[in-house]
Amino acid sequence: GIRLGREAPIHVAAGQELKLPPNTPHIWWNVGNCEAVAVVELRPALDFDIFLETLFGLARAGKTDPKGNPGLIQSAMLARRYSCYLSSPPVMLQRPGVWLLSQVGRRLGYQDAFTESGQSAQGEPSSSPGLASRN
């Protein structure tokens, strides 16, 4: 399923293709009880691969909730680095809080990007294998 902005949810069937206009707020999820496979193409992809490595690394390290969501400060770090915001409220209302929380996160030692080798995106070793973030 996918919701674009405040529109009603759309159920995407197997084999169906959906294209989103740039900068469209959206959220997507698995509607069923079995495993779902989605092929996603991003243009331009920018650092989305590092974003996903970081998100999955947080989950592997037990630094997310049961749904895979990182805590508030870690989320702010990711939002600021990857311009990846919640689908609501409007981004212009989220930016000041994200900026403030990301400054707090930096002072507390939170990171915003990691590779599978445990290196931060800046090439510095992490404090623990695979991840250097606190949550």
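With the whole protein complex present, Val12 retains an accessible surface near 60 Å², based on a 1.4 Å probe.
Whole-Hz Karplus values for the range 81-86 come out as 5, 10, 6, 10, 10, 5 Hz, taken residue by residue from phi with 6.51 cos²θ - 1.76 cosθ + 1.60 and θ = phi - 60°; glycine and proline positions read x. For the range 1-67, dividing the convex hull volume of the Cα atoms by the residue count gives 127 Å³ per residue. Taking amide H positions as modeled 1.01 Å from N, with prolines and chain starts lacking one, the residues under 5 Å from His26 and 5 or more places away or on another chain are Gly5.
Which of the peptides 68-81, 41-54 is most tightly packed, and how do the rest follow, judged by the mean count of other Cβ atoms within 10 Å per residue?
Details: 68-81: 18.9, 41-54: 12.7.
Put in order of decreasing packing, that is 68-81, 41-54.
Specify whether the C-alpha gyration tensor of the range 32-88 places it in the rounded, prolate or oblate class, a ≥ b ≥ c being the square roots of the eigenvalues: rounded for a/c under 1.5, otherwise prolate if a/b is larger than b/c and oblate if not. The partial results should precede the final answer.
Details: a/c = 1.57, a/b = 1.03, b/c = 1.53.
Oblate, because a/c is 1.5 or more while a/b does not exceed b/c.
The values are calculated or read from the model by the stated rules, or taken from the named source; none is laboratory data. Note that the coordinates shown come from a computational prediction; the quantities given were computed from them, not determined experimentally. We place every Cβ from the backbone using ideal geometry, glycine too, and count neighbours over all the protein chains shown. Heavy atoms of the whole protein, side chains included, go into the accessibility calculation; ligands, DNA and RNA do not. Shrake-Rupley method; radii C 1.70, N 1.55, O 1.52, S 1.80 Å.
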